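Read the structure below first, then the notes.
Please treat every number below as a calculation from the coordinates, not as lab data. It should be emphasised that the depicted structure is a prediction, and the values quoted were computed from it without experimental measurement. Reconstructed Cβ throughout: ideal geometry from the backbone, glycine too, with neighbour counts over all protein chains shown.
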Amino acid sequence: MKRILSYAALILIFFLVQNNIFAASSLIATVPNLLLILVFSFGFIRGSLEGMLIGFFCGLLNDVFFGDIIGFSALMYSVLGYGMGLLGNLYYTDFVNMPLILCLFSMLAYHIGTYLFAFLIPGYRGFGAYLTSVAIPELLYTGLMTLLLYPLLRKVEALIEKWEIRRSKDYA
């Protein structure tokens, strides 16, 4: 139960920081995708199921507040969380090099999927403009935030794990 409440609190905090604090900042024209960092991190650390579930709820929250179609971001984030969970089983999750590369890959996959379904199908053909004005700046900013947030999220996961172990010992 503490894990579920911790995940809900993290999703809410990351959503609010991304869409209020970073969106209100006039330093850089783009906003880092903190929700994607959360999805990718917990998918990579905890596995496919948790990555997919956190991705679904992050995407659903994003869709409810900002999406034209409910479920598009939820689907994209779920697929990315599931995929990162599969890769987390193959690679060592303590170092920040692999998570940074996978986060950048996740962002690129997210932007390609967004472009395909939100812009290309309706008839918008300016992929170069989309890439240079939206995708690459967000990719770089999110990569920088990954360097800062991934170690913090590993510590949060260790703390949640410690709570669960202590709780199981209390009932044993």
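Checking the a/c ratio against 1.5 first, then a/b against b/c, what shape does the Cα gyration tensor give for the chain?
prolate
I'd like to verify something in the chain: which complete DSSP H helices, judged by Cα projection on the helix axis, reach 27 Å or more and average at least 0.0 on the Kyte-Doolittle scale?
72-90, 136-171
What residue among Leu159, Thr114, Leu148 has its Cα farthest toward the positive end of the dipole of the chain, where the charges are +1 on Lys, Arg and -1 on Asp, Glu, each on the Cβ?
So the residue we want is Leu159.
Determine, for each peptide in 150-158, 29-37, 107-115, the mean count of other beta carbons within 10 angstrom over its residues, then list the peptides with the highest first.
Most protected by this proxy first, the peptides run 29-37, 107-115, 150-158.
If you place +1 on the Cβ of every Lys and Arg and -1 on the Cβ of every Asp and Glu, how big does the dipole about the Cα centre of the chain come out, in debye to the nearest 20?
380 debye
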